[in-house]
C-alpha cells in the first residue's frame, strides 16, 4: 500500500498523471489565412486604391507575419515594397494596427523603434475573422499615411465577415 501511494504521489508530482480531467489539450486548432483569402484582401485593397487615385505597394501576411501575397504597381514608390511588408508583419505579430505604434512613438516613446522587424508607421492593419487575427495587410506609397490606412482597412474588411468552417472552429 505504501508503495502504491508513493507511486501515485510521484506520478501526480511529475505531471504524468493529471488529477484534473478537464485540462486543456496540448495543441489547439486555429484558423489561418489561405492564399485565396489573401487574394481577396489584395483585390479589395487594390480596387479601393485605384478608385481613390492611389497606387501603393500592398503586402498580405499570415498571423506569424510571413508573406502570402504582394503587389507593387509599375512606377510605384520603390521603398514602399519593404515598408508595406514591414507594416503588415508588425500588425500581424502585435495584433494591432501600426497606427497605434506610430502614435506611441510620436508621443515620445522612441525606444520602441529599437525592436527588430518593427515598422511603427500608419498603414498596417490586422485581418480579423470571427474575432481571431488570421493575418495582416500593410500598405505603403498611397497619397498619404491616412490613405495607406484606408486602403489597408478596405482590404481587411473584404473577408472580415467570413464564417469559419466547423473544422476550423
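Points to keep in mind about this one:
- Candidates in region 103-132 are the residues that are surrounded by fewer than 20 Cβ atoms within 10 Å (Cβ to Cβ) and in contact with a helix residue (DSSP H, G or I) (Cβ under 8 Å, 6 or more places away or on another chain); of these, the one that is farthest from residue 29 (Cα to Cα) is 105.
- Residue under evaluation residue 93, criteria (1) closer than 19 Å to residue 62 by Cα; (2) touching a helix residue (DSSP H, G or I) at 6+ places or on another chain (Cβ under 9 Å); (3) part of a helix (DSSP H, G or I), criterion not met: (2)
- Filtered residue count, region 51-70, keeping only those that are closer than 23 Å to residue 129 by Cα, in contact with a strand residue (DSSP E or B) (Cβ under 7 Å, 6 or more places away or on another chain) and surrounded by 16 or more Cβ atoms within 10 Å (Cβ to Cβ): 9
- Residues that are within 12 Å of residue 118 (Cα to Cα) and surrounded by fewer than 19 Cβ atoms within 10 Å (Cβ to Cβ) within region 71-92 comprise just one, 82.
- Put simply, of 162, 128 the only residue that is outside any helix (DSSP H, G or I), over 18 Å from residue 57 (Cβ atoms) and in contact with a strand residue (DSSP E or B) (Cβ under 6 Å, 6 or more places away or on another chain) is 162.
- So residue 142, is it crowded, with 24+ Cβ neighbours inside 10 Å, out of contact with any strand residue (DSSP E or B) (no Cβ under 8 Å at 6 or more places or on another chain) and not in a helix (DSSP H, G or I): yes
- Region 68-90, residues that are touching a helix residue (DSSP H, G or I) at 6+ places or on another chain (Cβ under 6 Å) and outside any helix (DSSP H, G or I): 68, 69, 72
Since every read-out is calculated from the coordinates, none of them should be taken as a lab result. Quick caveat, the model's predicted, so the values are computed rather than measured. Glycine gets a Cβ as well: all are built from the backbone with ideal geometry, and neighbour counts include every protein chain shown.
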